[in-house]
Amino acid sequence: QVQLVESGGGLVQGGGSLKLSCVASVSIYTMGWFRQAPGKEREFVAAISRSGVITSFADSVKGRFTISRDNAKNTVYLQMNSLKPEDTAVYYCAASKNSIYFTNYANYVAYDYWGQGTQVTVSS
């Protein structure tokens with residue numbers, strides 16, 4: 001069973017930064033981040049191909065968030081800058097056992113494995 005373990009969440013003031021990490025127990029193909037705020041549906045945040053060449057971001061985070069990965073450590077990172085209160089949510093790491101076509105990165109059903117989530121709270 002593949003395990004994904006997130007870390008790095010916390011409480012930060014608006015305008016601040018946080019860096020999330022997700023470690024997979026095995027080598028993984030496409031990796032992504034989703035988030036879910038209270039009373040809202042889970043939404044796509046960002047994703048990255050196995051090579052790291054292809055990345056995708058939700059419009060709401062473009063220019064503020066970056067995604068990267070270290071395949072030697074089976075780890076994906078989400079650097080979040082200029083955080084806003086509306087970024088407050090539980091952030092989930094997701095991974096696929098096969099390569100996902102980039103146009104399908106935002107589709108949560110394309111991912112096979114999920115982490116337990118890490119809370120990010122941005123105060124105003």
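In this structure, Arg64 and Val2 have a Cβ-Cβ separation that, at R0 = 30 Å, corresponds to a calculated FRET efficiency of about 0.55.
At the residue level, Thr55 shows approximately 60 square angstrom of accessible surface with a 1.4 angstrom probe and all protein chains present. Counting only DSSP beta bridges with both residues in the chain, the antiparallel share comes to about 90 percent. Only residues of segment 51-69 count here: report those whose backbone N is under 20 Å from the spot 7 Å along Cα→Cβ of Ser99, or say none. Correct set: 51-57, 68-69. In segment 61-124, the C-alpha radius of gyration followed by the widest Cα-Cα span (Dmax) gives 13.2, 40 angstrom.
If the viscosity is 0.890 mPa s and the temperature 25 °C, what Stokes-Einstein diffusion coefficient in µm²/s follows for the chain when Rh is the Kirkwood radius over Cα pairs?
My calculation gives 174 µm²/s for D.
Each part reduced to its alpha carbon centroid, segment 4-55 and segment 85-110 end up 8 Å apart.
Modelled this way, with points 7 Å down the Cα-to-C-beta line, the labels at Arg42 and Ser27 are 2.6 nm from one another. Rolling a 1.4 angstrom probe over the chain with all protein chains present gives an accessible area of which 48% lies on carbon and sulfur atoms.
The values are calculated or read from the model by the stated rules, or taken from the named source; none is laboratory data. This is a predicted model, so every value here is computed, not measured. Every residue, glycine among them, receives a Cβ derived from its backbone with ideal geometry; neighbour counts consider all protein chains shown. When the accessible area is computed, the model is the full protein with side chains, heavy atoms only, and any ligands, DNA or RNA have been set aside. Shrake-Rupley method; radii C 1.70, N 1.55, O 1.52, S 1.80 Å.
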